[in-house]
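Okay, so here's the structure we're looking at.
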Amino acid sequence: MARLVVAGVVRRGFTLIELLIVMVVSAILVSGFIMLINPNKRINQANDSKIRTDVAQLAVALKAYLTDNSYYPAAISDLVSTGDLKHEPMSPSGDPYNYSRNSSCGRAPYNGCEGVLYEPLQNPVTTGNVWCWRSITGEAKEMTTVDCTQ
């Protein structure tokens, strides 16, 4: 802090250099804190949580549809029209979730009818993986798209 003597009166205050140094140090600390938090990673983790929750909700609705009809629907929108879902959840990107069923679901006796539901993760353990639910195993987990859709 500088001392300035004017007409016998001592005035104390910060110099411009001292204020600039404090501002620069504050800016460095704030930018370091932001990098520590990594907001993009947190947003991706939140979106992945939404994907996992939505896939679980859709899997329950698909199982209910299977119980009532002995086969999986042709499209997720069929779950809304039958009342198994109130509305179709959308992925964080705003697109519908990826859903498919094998060809044996379209004809009786529906033995071997399998539904697959998946969505790419934004923060996967392994780059390129998707969150996948397969009716044949009844579980959802992270895996490659190829393994999910085989």
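The values are calculated or read from the model by the stated rules, or taken from the named source; none is laboratory data. This one's a predicted model, so the numbers in the text were calculated from it and none came from an experiment. All Cβ positions, glycine included, derive from the backbone under ideal geometry; neighbour counts span all protein chains shown. In case anyone asks, the SASA skips ligands and DNA or RNA and just uses the protein heavy atoms, side chains included. Shrake-Rupley method; radii C 1.70, N 1.55, O 1.52, S 1.80 Å.
List of remarks:
- Meets criteria (in a loop (DSSP other than H, G, I, E, B) and either of a type in the set (Asp, Glu) or in contact (Cβ under 8 Å) with a residue 60 or more places away in the chain (or both)) for Asn47: no
- Within the stretch 15-43, residues that are farther than 27 Å from Leu121 by Cα have Cβ atoms under 7 Å from residues that are open to solvent by less than 60 Å² (accessible area, probe 1.4 Å) and small (Gly, Ala, Ser) in these pairs: Thr15/Ala2, counting only partners at least 6 apart in sequence or on another chain.
- Residue within the stretch 37-44 that is more than 30 Å from Thr145 (Cβ to Cβ) and at pLDDT below 90 present: yes
- Just so you know, in the stretch 45-67 the residues that are basic (Lys, Arg) and under 8 Å from the mean Cα position of the chain (by Cα) include one that is surrounded by the fewest Cβ atoms within 10 Å (Cβ to Cβ), and it is Lys50.
- Condition check for Leu117: assigned to a strand (DSSP E or B) and among the aliphatic types (A, V, I, L, M): yes
- Considering each residue of the stretch 12-19 in turn, at least one proves to be out of contact with any strand residue (DSSP E or B) (no Cβ under 7 Å at 6 or more places or on another chain), surrounded by 11 or more Cβ atoms within 10 Å (Cβ to Cβ) and at pLDDT 85 or above.
- Restricting Ser104, Ser135, Ser77, Ser91 to those that are touching an Asp or Glu at 6+ places or on another chain (Cβ under 9 Å), touching a residue at least 60 places away in the same chain (Cβ under 8 Å) and of a type in the set (S, T, N, Q) reduces the list to Ser135.
- Among residues of the stretch 57-79, those that are assigned to a helix (DSSP H, G or I) and closer than 14 Å to Tyr97 by Cα, counted: 8
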